[in-house]
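J.: Before I ask anything, here is the structure I am working with.
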Amino acid sequence: MKSGDVNIAYQVVGDGPFDLIHVPAFASNLELQWEDPAERRYFERLASFCRLIMFDKRGTGLSDRVAVATLEERMDDLRAVMDDVGSQRAAVW
């Protein structure tokens, strides 16, 4: 999915009654996070009661590399992911 000129990788797990967007603290990798048993249990638990939306921030994981991202660009990325999955309202974690 594109946010401006940058490809943003995301994943949706679960189909609960509300959307929860997991914003990684520093860096993430949507493929590798499932390999750690503790992280896997954490995400599976979240997805058991909501629609969990996860993404790799620009410059990390499976998203395109960039030199520096502004706060505004990061918010644009979040909105672009929400638009792409059809989420109009979500809790952010």
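J.: If a residue has to be of a type in the set (Phe, Trp, Tyr) and touching a Ser or Thr at 6+ places or on another chain (Cβ under 9 Å) to count, how many in the stretch 36-93 make the cut?
T.: Selection size over the stretch 36-93: 1.
J.: Which of the residues belonging to the stretch 31-71 are within 15 Å of ASN7 (Cα to Cα) and either polar (S, T, N, Q) or in contact (Cβ under 8 Å) with a residue 12 or more places away in the chain (or both)?
T.: Once the filter is applied, which keeps residues that are within 15 Å of ASN7 (Cα to Cα) and either polar (S, T, N, Q) or in contact (Cβ under 8 Å) with a residue 12 or more places away in the chain (or both), the stretch 31-71 yields MET54, PHE55, ASP56, LYS57, ARG58, THR60, GLY61, LEU62, SER63, ASP64, VAL66, ALA69.
J.: Under the condition of being in a helix (DSSP H, G or I) and either among the hydroxyl-bearing types (Ser, Thr, Tyr) or in contact with a helix residue (DSSP H, G or I) (Cβ under 6 Å, 6 or more places away or on another chain) (or both), which residue from the stretch 25-49 is surrounded by the most Cβ atoms within 10 Å (Cβ to Cβ)?
T.: Ranking the candidates gives GLN33 first.
J.: Among the residues that make up the stretch 17-24, is at least one of them more than 20 Å from MET75 (Cβ to Cβ) and surrounded by 17 or more Cβ atoms within 10 Å (Cβ to Cβ)?
T.: Checked against the condition, which is being more than 20 Å from MET75 (Cβ to Cβ) and surrounded by 17 or more Cβ atoms within 10 Å (Cβ to Cβ), the stretch 17-24 yields no hits at all.
Only the coordinates and a few stated rules stand behind these numbers; no lab work does. As the structure is a computational prediction, the values presented were derived from the model and not from experiment. FYI the Cβ positions are ideal-geometry reconstructions off the backbone, even for glycines, and counts take in every protein chain you see.
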